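Report on the following structure.
FYI, it's all coordinate maths here, none of it is from the lab. This structure is a prediction, so every number in the text was calculated from the model and none was measured. Counting neighbours? That spans all protein chains shown, and the Cβs are built from the backbone with ideal geometry, glycine included.
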Amino acid sequence: MAGERWDLLIIGGGPAGYQGAIRAAQLGMRVACVEQGSTLGGTCLNVGCIPSKALLDSSEHFHLARHGLAVHGVVTGDVTLDLAAMLARKDRVVRGLTNGIVQLFKKNGVTRVVGTARLEAPGRVAVQSADGTGSVLEATRVLLATGSAPIALPALPFDGERIVTSTEALSLPRVPARLLVVGAGAVGLELGSVWRRLGAEVTVVEFLPQILPWADRAVVRLLQRALEQLGLRFRLGTQAVGCERRADGVRVAVEASGQADVVEADVVLVAVGRRPYTEGLGARELGVAFDERGRIVVDARFETTVPGVYAVGDVIPGPMLAHKAEEDAIAAVEGMAGHPVHVDWDLVPNVVYTAPELASVGLTEEVAVARGHAVKTGSFPFTANARARCMDEAVGAVKVVADAATDRLLGIHIVGPRASDLIAEAALALAFGGSAEDLARTCHAHPTLPEALREAALAVDKRALNV
């Protein structure tokens with residue numbers, strides 16, 4: 001392999017890296033992808049999006065079997081938890097998908113390189129293998145897609161057992177009696193929901209006054225109420241300032257409005273966000289520019305300040321989401337092949353896979369107003385949606401934000417059943433510059449959940465029919 005020259009060398013085998021590699025190969029490039037992990041798929045497939053969703057689905061089944069079937073006339077006996085079997089299923093799902101990427105690489109002629117990569121010069125990358133051997137690979141272009149890592153808090157140093165990241169929280173050997181989640185973002189709420197359904201007492205501490213600070217305030221309030229009904233306890237405007245590790249758990253010191261308190265937990269999950277993973281990459285030494293938040297600076301074609309070196313995904317600005325990283329990578333390699341390059345980060349859907357789910361695309365009402373839009377909004381509750389009532393999942397609502405002058409859709413925000421699926425229609429409508437009237441005039445099958453989007457669009461002009 002040493003001595004060969006590649007058209008494109010990608011560092012990182014996560015969603016951005018592997019999809020960018022496949023698209024580049026489709027465009028006729030000779031592509032190699034360097035990944036230091038033993039499996040492809042990065043954080044998302046191995047210890048992020050996929051295993052967490054597997055546990056969310058499994059824990060929802062468990063919770064439904066214990067608490068939600070009788071209303072449907074389904075009477076069960078004593079429902080018990082086999083945590084080992086649940087975790088084993090999660091691992092099988094992950095294994096099947098990561099193995100699938102290996103086959104996609106073979107199908108598309110992408111060369112996989114296992115090792116840790118470091119930029120030596122534009123077009124030159126040193127790769128260190130786990131066995132200590134090394135090689136230098138050369139390429140016309142290099143794409144950095146190394147992803148991100150959990151942010152650590154000095155007050156709560158990770159130990160992997162009592163104070164954990166999301167990685168360890170996916171494989172706890174037993175259900176903790178008391179779980180403290182520090183951070184009310186998507187990761188904290190999702191994993192908090194998993195372990196609450198399985199029997200843990202869950203307290204969520206958040207420094208800011210709102211869970212999911214990026215989300216529309218109206219839909220966030222609906223989600224918080226639903227999670228409180230599940231049993232999650234929230235302490236907002238509260239900061240974790242220290243801890244005492246004990247043999248049987250952790251005592252966490254917290255402060256809120258100048259008042260000190262202590263929260264006791266068996267396990268503490270720190271989920272306060274992620275940071276770009278660029279340590280040891282050699283990018284700074286090569287002259288790649290970074291911004292004040294440690295993100296790599298790129299131009300409109302995803303090229304860094306070093307010609308021939310590109311970057312995508314979590315290491316550059318924009319939402320830290322797997323599908324955003326994929327869009328970045330595909331656009332970047334298409335640009336290398338002479339195609340147009342365009343990714344609108346405002347149109348990247350954001351989903352929280354709790355129950356009910358929260359999904360959002362476009363601008364919140366608050367952001368739209370801050371950007372100078374005069375807005376009009378419409379909302380429709382799932383309690384008035386026939387299919388949601390049939391499913392006995394009628395918690396939540398759809399909110400549509402439109403420009404008051406032009407009626408153009410600015411954002412759509414959903415809390416409710418299958419919100420992660422419903423948001424695709426919303427994203428398509430925004431991507432094509434649709435108006436609230438366009439969405440309201442589109443015929444939707446009945447009875448279906450997407451009718452709630454149409455009704456919310458009708459409500460923008462106070463024309464909702466079923467509420």
Exercise. What is the local net charge at Ala397, summed over the other residues whose Cβ is closer than 15 Å to its Cβ (Lys, Arg +1; Asp, Glu -1)?
Worked result: +2
For this session: Name the residues whose placed amide hydrogens come within less than 5 Å of the amide hydrogen of Glu120, ignoring near sequence neighbours (fewer than 5 apart) on the same chain.
Result: Val125, Ala126
For this session: Arrange the peptides 310-316, 261-267, 166-172 so that the one whose residues have, on average, the most other Cβ atoms within 10 Å appears first.
Result: 310-316, 166-172, 261-267
Exercise. Rounded to the nearest 0.05, what FRET efficiency is calculated for His339 and Arg225 with R0 set to 45 Å and r the Cβ-Cβ distance?
Worked result: 0.45
For this session: Could you give the DSSP H helices of the chain that reach 24 angstrom or more along their long axis (alpha carbon positions) and whose average Kyte-Doolittle hydropathy is no lower than 0.0?
Result: 83-108
Problem set entry | Local electrostatic count, Ala370, Cβ distance below 15 Å [Lys/Arg +1, Asp/Glu -1] | -3
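Which net charge results when you count Lys and Arg as +1 and Asp and Glu as -1 among the other residues whose beta-carbon is under 14 Å from that of Gly96? Can you show the working numbers first?
Numbers: positive: Lys53, Arg89, Lys90, Arg92, Arg95; negative: Asp91.
Residues near Gly96 contribute +4 overall.
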Seminar exercise, completed: Two pseudo-spin positions, 7 Å from Cα along C-beta at Ala424 and at Glu285, lie apart in nanometres by 4.5 nm
Problem set entry | Fewest-first sequence of Arg301, Arg124 by Cβ atoms within 10 Å of each Cβ | Arg301, Arg124
Seminar exercise, completed: Excluding residues fewer than 8 positions from Lys324 in its own chain, the lysines with Cα under 26 Å of it are Lys53, Lys90, Lys106, Lys107, Lys399
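With a/c under 1.5 counting as rounded, go ahead and sort the range 163-272 into rounded, prolate or oblate using the C-alpha gyration tensor (a ≥ b ≥ c being the square roots of the eigenvalues; past the cut-off, prolate if a/b is larger than b/c, else oblate).
Details: a/c = 1.84, a/b = 1.19, b/c = 1.55.
It comes out oblate by the Cα gyration axes.
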Exercise. Ranked from highest to lowest mean number of other Cβ atoms within 10 Å per residue, what is the order of the peptides 339-347, 363-371?
Worked result: 363-371, 339-347
Problem set entry | 3J(HN,Hα) from dihedral phi, the range 267-283, Karplus parametrisation 6.51/-1.76/1.60, rounded to Hz, x for glycine, proline | 9, 10, 9, 9, 9, 9, x, 10, 10, x, 9, 10, 4, x, 7, x, 5
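Does the chain come out rounded, prolate or oblate by the C-alpha gyration tensor, with a ≥ b ≥ c the root eigenvalues, rounded set by a/c under 1.5 and, if not, prolate when a/b is larger than b/c and oblate if not?
Details: a/c = 1.69, a/b = 1.24, b/c = 1.37.
Cα axes put the chain in the oblate bin.
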Problem set entry | Structure-based [θ]222 nm, the chain - -39500 (n - 2.57) summed over DSSP H runs of at least 4, per residue, nearest 500 | -10000 deg cm²/dmol
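For Thr305 and Thr140 in one chain, what is 0.36 nm times their gap in residues minus the Cα-Cα distance, to one decimal in nm?
Details: separation 165, 0.36 × 165 = 59.40 nm, distance 1.58 nm.
This chain segment gains 57.8 nm when fully extended.
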Exercise. How far is it, in nm, from the label point at Leu104 to the one at Arg246 when both lie 7 Å from their Cα along the line to the Cβ?
Worked result: 4.8 nm
Exercise. Which residues' amide hydrogens lie under 5 Å from the amide hydrogen of Val204, considering only partners 5 or more residues apart or on another chain, with H built in the peptide plane?
Worked result: Val181, Arg233, Phe234, Arg235
Problem set entry | Relative contact order %, the chain, counting alpha carbon pairs below 8 Å whose residues are six or more apart | 14 percent
Exercise. Ordered by residue, what ³J(HN,Hα) values in Hz, to whole numbers, does the range 372-387 give under the Karplus form 6.51 cos²θ - 1.76 cosθ + 1.60, where θ = phi - 60° and Gly and Pro are x?
Worked result: x, 7, 7, 10, 10, 10, x, 10, 9, x, 5, 5, 9, 9, 4, 5
Seminar exercise, completed: Note: probe point = Cα of Phe432 + 7 Å toward Cβ; backbone nitrogen < 17 Å; residues of the range 368-411 passing the test are 408-411
Exercise. Between Asp57 and Gln210, what FRET efficiency comes out of the Förster formula 1/(1 + (r/R0)^6) with R0 = 30 Å and r the beta carbon distance, rounded to 0.05?
Worked result: 0.65
